[in-house]
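Data block below; observations after.
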Amino acid sequence: MRIGIGRDLHRLERGRRLVLGGVVVSECVGCIAHSDGDCLVHGVIDAMLGAMAMPNIGVLFPDSCEKNRGRSSLSMLVEVAEIVAAKGYVLSNADAVIMLEQPKLSPFVGAMRHAIARSCGVGEGSIGIKATTAEGLGHIGESMAIEVVCVCLLKTLVLK
Ligand code: MG
């Protein structure tokens, strides 16, 4: 087994769409980013790349690359899951914490788990997602930023 950790932070700006786990959770405030800015999926990707001792998401999907402009981060996750599989591993489980002041994310968590699990080719029981606020404190509390921390475990891929 291999363990990995990922962490991502994005500035938030009005007039943008906020995508988390492939789910649109706000049409009012969203991440400033080159891709679709899916902070949750970026955290999952970095945890998986970290578990393989590979360079982070910015090296694999550079923001200098026009191909990645506005790109769905879930499509990057599919690619990362393929890289992990090619190296003989599969996601055992991932557990992520989203730190965001608003909106409340509980109505969206099921859809996020479903989308991330499907992109990794695993069951929803392998994907844990929790959301928490910063109680009004700091950049997250003032809705200026969103942060995600994710840990994951990869296990040896057993071919059937
Ligand atoms: Mg990011």
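Where a number appears in this text, it was derived from the coordinates with a stated rule and is not lab data. Just so it is clear, the structure is predicted and the values come from calculations on it, not from any experiment. Don't worry about glycine lacking a Cβ; one is built from the backbone with ideal geometry, like all the others, and counts go over all protein chains shown.
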Legend entry - One residue from Ala96, Ala51, Ala111 being more than 16 Å from His10 (Cβ to Cβ) and buried (at least 19 other Cβ atoms within 10 Å of the Cβ): Ala51
Legend entry - Residue tally, condition of a type in the set (Val, Ile, Thr) and surrounded by fewer than 21 Cβ atoms within 10 Å (Cβ to Cβ), over the stretch 114-131: 1
Inset, instruction - Given the conditions (1) away from the ligand (no atom under 16 Å from the Cβ); (2) touching a strand residue (DSSP E or B) at 6+ places or on another chain (Cβ under 7 Å); (3) not polar (S, T, N, Q), report the number of the one that Val97 does not fulfil. - result: (1)
